[in-house]
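Worksheet: one structure, shown below.
The values are calculated or read from the model by the stated rules, or taken from the named source; none is laboratory data. What you are looking at is a predicted structure, and each value in this text was computed from that prediction instead of being measured. Using ideal geometry, Cβ is built from the backbone for each residue, glycine included, and neighbour counts are taken over all protein chains shown.
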Amino acid sequence: MKVTVNQDKCVASGQCVVAAMEVFDQRDEDGIVVLPNAEPPAEQADDVRHAAAVCPALAIEVQD
Amino acid sequence: MTSTVNPVDERAARAPEFPMARAAGCPFDPPPALRDLQQEGPLARVRLWDGSTPWLVTRYADQRALLGDPRVSADIHRPGYPRQAPMPPGGTGVSFILKDDPEHARLRRMVTAPFAIKRVEAMRPGVQRIVDDLIDELLAGPNPVDLVEAFALPVPSLVICQLLGVPYADHDFFQDNSKVIINRNVTPEQRSAAHGNLIEYLDGLMGEKIAHPVDDLLSGLAERVTAGELSRNEAAQMGVLLLIAGHETTANMIALGTLALFEHPGQLALLRDTDDRRLIASAVEELLRYLHITHSGRRRVAVEDIEVGGEVIRAGEGLILANDIANRDPGMFAEPDRLDLRRDARRHVAFGFGAHQCLGQPLARMELQVVYGTLYRRIPTLRPATELERIPFKHDGSVYGVYELPVTW
Ligand code: SF4
């Protein structure tokens, strides 16, 4: 699984962090999404897909 | 006469009034007329206070698509925008929630940092203390008592005051003024005066923060004013928005949610008997979905023609996205009218969707988790002190809830 995020679209809602704490993080200055690990392990796949589904800005893309 | 009327005009002429009334016996359910419209089709026309007839969007999937669609604008100054009430005389400045990108994003990003998940989590122990102290006071005070005054309103007010750096001692002043602003039945002059009072108050505070910045959100804005990134008036507007949004909505969720739980004792027992944070978090999502206290719909205007379900919304036409009925869309949630704290309700649109999704949602969620996870455990015999029929509901506000909730234990 490969994840990409679009920081220009992100509105810093943090929903992705709530859904998949190990995969997504937020920048200290403005809460914009950062991605410490763009290729999360399979056991986190469901959480990551959920993060993409709840992201209000549609800023998360997931490729299997 | 009928022969010259085209079908679009005819539909507008038949458009029902919006907002619609709830059924007397079902204070937690959206108006029955909204359900009927949702079943009939994806789009309807409704008539507003000013005689305009914007489109009403009732289904979950359409709302999410439209709220994320760049052909849809949140700019209240565009012709065709479906206003909730007359514009105050002389107009007032508007905060970023009624603007589009890039201006919206520029301003919003100045206040997003304190609402990041880790920052909000760091506030959790402080919120827990606030909640525990208020419950101690509640238990030591008169019984029965109004839960709204004694608990539901103080919790979020204390929290937002701390976060912004507003003296809580002034809470009567800003609560009274914000009550006027969110009441649909006041005159434009009254609303304008209340808004003016709050702007003046925040502007004064901003002056203090510019002179003596400390570690709070308003001081952060003050630094941007000093740096020339933000005007002092923009900063005051943002302060007013955060202050009102920070306490009204959460307070209503606490009181209305408690009343809904009283009506569903089995569900209340789940919260009373658990300290499982996952269950509490899931319960909060379900209460947000089920109650959906912002019941005037999200307001937008089309900037290009947009096709929805085979019909075309024309550029310049207004849109109302009724989130309350979207959260009860059977196409999205099984048995949507059942309150089920164990269901996965996380995809609800109680906080909206798209670029304007509620900025304060991480804070609201955390506060509600602390409240719902503490109140019934600490006061297991908490119950209503009056009948449901006697409880005054906020049918007239832009935020739904109860004016009073007498409780006993
Ligand atoms: S959920 Fe989307 S908008 Fe929110 S922080 Fe993550 S990427 Fe940004």
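For the reader, a short list of remarks on this structure follows.
- For the stretch B:94-109, a residue qualifies if it is in a loop (DSSP other than H, G, I, E, B) and more than 8 Å from every other protein chain (Cβ to nearest Cβ), and the qualifying residues are B:Val94, B:Ser95, B:Lys99, B:Asp100, B:Asp101, B:Pro102.
- Test set (1) more than 13 Å from the ligand (Cβ to nearest atom); (2) within 14 Å of another protein chain (Cβ to nearest Cβ) - A:Gln63 fails condition number: (2)
- In the stretch A:28-42, the residue that is farthest from the other protein chains (Cβ to nearest Cβ) out of those that are farther than 11 Å from A:Lys2 by Cβ and in a loop (DSSP other than H, G, I, E, B) is A:Pro41.
- Qualifying residues in the stretch A:12-52 (those that are of a type in the set (Asp, Glu) and within 23 Å of B:Gly220 (Cα to Cα)) - the one surrounded by the fewest Cβ atoms within 10 Å (Cβ to Cβ): A:Glu29
- In the condition set (1) of a type in the set (Val, Ile, Thr); (2) farther than 25 Å from B:Val402 by Cα; (3) in contact (Cβ under 8 Å) with a residue 24 or more places away in the chain, B:Ile182 is compliant with all but (2).
- Qualifying residue in the stretch B:154-176 (condition: among the polar types (S, T, N, Q) and closer than 30 Å to A:Val33 by Cα): yes
- Exactly one residue among B:Gly239, B:Gly246, B:Gly257, B:Gly228 is small (Gly, Ala, Ser) and either surrounded by fewer than 19 Cβ atoms within 10 Å (Cβ to Cβ) or in contact with a strand residue (DSSP E or B) (Cβ under 8 Å, 6 or more places away or on another chain) (or both), and that residue is B:Gly228.
- Only residues that are under 8 Å from the mean Cα position of the chain (by Cα) and more than 8 Å from the ligand (Cβ to nearest atom) were counted in the stretch A:5-57, giving 7.
- Filtered by the rule that a residue be in a loop (DSSP other than H, G, I, E, B) and over 19 Å from the mean Cα position of the chain (by Cα), the stretch B:254-300 gives B:His264, B:Asp273, B:Thr274, B:Asp275, B:Asp276.
- Across the stretch B:301-358, the qualifying residues are those that are away from the ligand (no atom under 16 Å from the Cβ), assigned to a loop (DSSP other than H, G, I, E, B) and small (Gly, Ala, Ser), and the one among them that is surrounded by the most Cβ atoms within 10 Å (Cβ to Cβ) is B:Ala322.
- Selected residue (criterion: farthest from the other protein chains (Cβ to nearest Cβ)) from residues of the stretch B:335-387 that are of a type in the set (Asp, Glu) and over 15 Å from A:Val54 (Cβ atoms): B:Glu387
- Matching entry among A:Lys2, A:Lys9 (being among the basic types (Lys, Arg), surrounded by fewer than 20 Cβ atoms within 10 Å (Cβ to Cβ) and within 11 Å of chain B (Cβ to nearest Cβ)): A:Lys9
- Single residue of B:Ile199, B:Ile160, B:Ile210 found to be in contact (Cβ under 8 Å) with a residue 40 or more places away in the chain, touching a helix residue (DSSP H, G or I) at 6+ places or on another chain (Cβ under 7 Å) and either surrounded by fewer than 21 Cβ atoms within 10 Å (Cβ to Cβ) or not in a helix (DSSP H, G or I) (or both): B:Ile199
- Failed item in (1) farther than 13 Å from B:Glu367 by Cβ; (2) out of contact with any Ser or Thr (no Cβ under 7 Å at 6 or more places or on another chain); (3) at pLDDT 95 or above, with B:Arg106 passing the rest: (3)
- Residue within the stretch B:140-149 that is surrounded by fewer than 18 Cβ atoms within 10 Å (Cβ to Cβ), over 20 Å from the mean Cα position of the chain (by Cα) and in a helix (DSSP H, G or I) present: yes
- B:Asp172 meets each of the listed conditions (1) loosely packed, with under 13 Cβ neighbours inside 10 Å; (2) touching a residue at least 60 places away in the same chain (Cβ under 8 Å); (3) in a helix (DSSP H, G or I) apart from (2).
- Cβ-Cβ under 9 Å pairs, at least 6 apart or on other chains, the stretch B:114-126 side more than 8 Å from chain A (Cβ to nearest Cβ) and farther than 20 Å from A:Ala19 by Cβ, far side part of a loop (DSSP other than H, G, I, E, B) and of a type in the set (Asp, Glu): B:Pro114/B:Asp216
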